[in-house]
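Only one structure is covered here, and it is reproduced in the block below.
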Amino acid sequence: LDLKTYIRDIPDFPKKGIVFKDITPLLKSPEAFSFVIETWASRYASRKLDAIIGMESRGFIFAAPLALRLKVPFVPVRKPGKLPAKTVRETYQLEYGTDSLEIHEDALAKGAKVLVLDDVLATGGTAEAVVRLVERVGAKVEEASFLMELGFLKGRDKLKSVPVHSIITF
Ligand code: AMP
């Protein structure tokens, strides 16, 4: 199965000059979607993960089924103001301005070994913020994994402190 044929390029979305990697063709193919989840499942089945972290919003789409498949807790990282209990927040740089992400401060046990999952590794700013959140609540990133990596944006360079994996690279 050639995964790249299930990812559609949308030029100039959300703004001019960005080529958006649209995963909706993959999501509407149960065959391709389960291929992705099974690829991750075989990579992580024996790693004894304590949690899988998905980041809002597209990270949720992959992290939740993988967590269920591996019988590992799913922990959401969300945009500010969405999580109801006490949170820890990280703010990170965007091309224009900043953005923030939050995690419940009691979401992970001290020393927990976690997988950070998202659909796209672009500049790495988002994943870097999630790694900092995980470390601030006392847990450890076993690996950060992505369905696809936009290699030319060098996101890996921002994630030097953790192992980085991607299923496909553009
Ligand atoms: P970054 O922080 O630059 O690594 O951006 C990662 C986040 O933005 C991920 O959550 C992606 O879902 C989204 N993203 C960035 N660039 C793209 C793109 N070209 N196509 C689709 N999603 C993207």
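Do any trypsin sites (Lys or Arg not before Pro) in the range 21-120 lie in a loop, going by DSSP, with at most 15 other beta-carbon atoms within 10 Å of their beta carbon, and if so which?
On the way: sites: LYS21, LYS28, ARG43, ARG47, LYS48, ARG58, ARG69, LYS71, ARG78, LYS82, LYS86, ARG89, LYS110, LYS113; in loops: LYS28, ARG47, LYS48, LYS71, LYS82, LYS86, LYS110.
Qualifying residues, ordered by number: LYS28, ARG47, LYS48, LYS71, LYS82, LYS86, LYS110.
Do the sum for the chain: with -39,500 (n - 2.57) for every DSSP H run of n ≥ 4, divided by all residues, what is the mean residue ellipticity at 222 nm, to the nearest 500 deg cm²/dmol? Write out the running numbers ahead of the final one.
Numbers: 4 runs with 44 residues, N = 170.
Result for the chain: -8000 deg cm²/dmol, rounded to the nearest 500.
If I take R0 = 30 Å and measure r between the Cβ atoms of LEU3 and LYS160 in this structure, what FRET efficiency does the formula 1/(1 + (r/R0)^6) give, to the nearest 0.05?
On the way: r = 27 Å, r/R0 = 0.89.
Using R0 = 30 Å, I get an efficiency of 0.65.
With a ≥ b ≥ c taken as the square roots of the eigenvalues of the C-alpha gyration tensor of the chain, please select rounded if a/c is under 1.5 and otherwise prolate if a/b is larger than b/c or oblate if it is not?
Cα axes put the chain in the oblate bin.
Tell me which GluC sites (Glu not before Pro) from the range 1-99 have a DSSP coil assignment and no more than 13 other beta carbons within 10 Å of their own. Could you put the intermediate results ahead of the total?
Details: sites: GLU31, GLU38, GLU56, GLU90, GLU95; in loops: GLU56, GLU95.
Here the GluC sites (Glu not before Pro) that fit, given the DSSP loop and packing criteria, are GLU95.
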Return the FRET efficiency for the residue pair ASP99, ILE18: r is the Cβ-Cβ distance, R0 is 25 Å, and the value is rounded to the nearest 0.05. 0.95
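Filter the trypsin sites (Lys or Arg not before Pro) in the range 123-170 down to the DSSP loop ones having no more than 10 other Cβ atoms within 10 Å, then list what survives.
Those satisfying the criteria are LYS160.
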Between ILE167 and LYS86, how high is the FRET efficiency from 1/(1 + (r/R0)^6) when r is the Cβ-Cβ distance and R₀ = 25 Å? Nearest 0.05. 0.15
Let me know the shape class of the range 71-163, please: from the alpha-carbon gyration tensor, a ≥ b ≥ c as square roots of the eigenvalues, rounded when a/c is under 1.5, otherwise prolate if a/b is greater than b/c, or oblate. oblate
Sorting ILE61, PRO76, PRO25 by the position of each Cα along the dipole of the range 10-80 (Lys, Arg +1; Asp, Glu -1; all at Cβ), the one nearest the positive end of that ordering is PRO76
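Would you rank PHE20, PHE74 by solvent-accessible area, highest first, keeping every protein chain in place and using a 1.4 Å probe? Present the calculation step by step, with values, prior to reporting the outcome.
Numbers: PHE20 50, PHE74 75 Å².
Sorted descending by solvent-accessible area, the residues read PHE74, PHE20.
Percent of accessible area on the chain owned by carbon and sulfur, 1.4 Å probe? List each step's numbers first, then the result.
On the way: 4770 of 8760 Å².
Carbon-and-sulfur percentage of accessible area, whole number: 54.
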What is the gain in length, in nm to one decimal, between LYS71 and ALA45 on full extension, counting 0.36 nm per residue of separation less the C-alpha to C-alpha distance? 8.4 nm
Distance in Å, no decimals, from the C-alpha centre of the range 1-55 to the one of the range 75-117 is 21
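The values are calculated or read from the model by the stated rules, or taken from the named source; none is laboratory data. It should be emphasised that the depicted structure is a prediction, and the values quoted were computed from it without experimental measurement. Neighbour counts run over all protein chains shown; Cβ positions are idealised from the backbone, glycine included. Surface accessibility is based on the protein's heavy atoms, side chains included, excluding ligands, DNA and RNA. Shrake-Rupley method; radii C 1.70, N 1.55, O 1.52, S 1.80 Å.
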